[in-house]
1. Write out, first by first residue and then by second, each pair whose Cβ atoms fall under 6 Å of each other, whose residues are 6+ apart or on separate chains, and whose first residue, in segment 30-57, is assigned by TED's automatic domain parsing to the domain that holds HIS81 while the second is of a type in the set (Lys, Arg) and in a loop (DSSP other than H, G, I, E, B).
2. Would you say VAL100 is modelled with pLDDT of 90 or more and closer than 27 Å to ASN142 by Cβ?
3. For segment 62-104, which residues satisfy the criterion of being exposed (fewer than 13 other Cβ atoms within 10 Å of the Cβ) and assigned to a helix (DSSP H, G or I)?
4. Going through segment 112-137 one residue at a time, which ones are over 14 Å from the mean Cα position of the chain (by Cα) and either surrounded by 12 or more Cβ atoms within 10 Å (Cβ to Cβ) or part of a strand (DSSP E or B) (or both)?
5. Residue by residue through segment 1-51, note down the ones that are assigned to a loop (DSSP other than H, G, I, E, B) and within 18 Å of the chain's Cα centre (by Cα).
6. LYS147 fails exactly one of the following numbered conditions: (1) among the charged types (D, E, K, R); (2) exposed (fewer than 13 other Cβ atoms within 10 Å of the Cβ); (3) outside any strand (DSSP E or B). What is the number of that condition?
7. Restricting attention to segment 116-140, which residues are closer than 22 Å to LYS95 by Cβ and touching a Lys or Arg at 6+ places or on another chain (Cβ under 8 Å)?
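The values are calculated or read from the model by the stated rules, or taken from the named source; none is laboratory data. This structure is a prediction, so every number in the text was calculated from the model and none was measured. Backbone-built Cβ (ideal geometry, glycine too); neighbour counts: all protein chains shown.
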Amino acid sequence: MFNSNLNEQQIEHLKQICDEGGIKLTHQRLEIFREIMAASDHPSAELIHKRLQTKMPTLAIDTVYRTLATFDELGIVKKLHVMGERALFDANLTKHHHFVCTRCKQVEDIYWPEFDESMIPEKAAHMGRIQSRHLELRGICNTCLKKMNKD
């Protein structure tokens, strides 16, 4: 799914979403889109900016922030709010959840269809219309556990 070489269909889909949202698909927006689609991690705006610096030295960090906020509003990416950290961005729009390492802050995708299909608790269902659900598991990843055991 994540490929820096976007195909024509993906670019046309992005153009259509931008047109419907009333924004122009500029070269900078396209490159930011390419970068986030190529990411296998969940990068912050700062990391995306850093990755694009060699290709686009005049790209302002504010442009990256504004573009990612716009992409989030248009449903092109998801903005993740990791406790105590900067916002991270995810171009993977398939239904999934996240495991966050509380030590290194690494974020991993979790696919859990049983959770997605489970009944909403009655109390929550009476609070209003549920539009989406997202589960975030927190713990220490295997890499950090191995490092801790070596110490």
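1. Going by the 6 Å Cβ cut-off, the qualifying pairs are SER44/ARG86.
2. yes
3. ASP62, GLU73
4. Within segment 112-137, TRP112, PHE115, ASP116, ARG133, LEU135, LEU137 qualify.
5. MET1, PHE2, ASN3, SER4, LEU6, ALA39, SER40, ASP41, HIS42, PRO43 - these are the residues of segment 1-51 that are assigned to a loop (DSSP other than H, G, I, E, B) and within 18 Å of the chain's Cα centre (by Cα).
6. Every condition holds for LYS147 apart from (2).
7. Listed by number, the residues that qualify are ASP116, ILE120.
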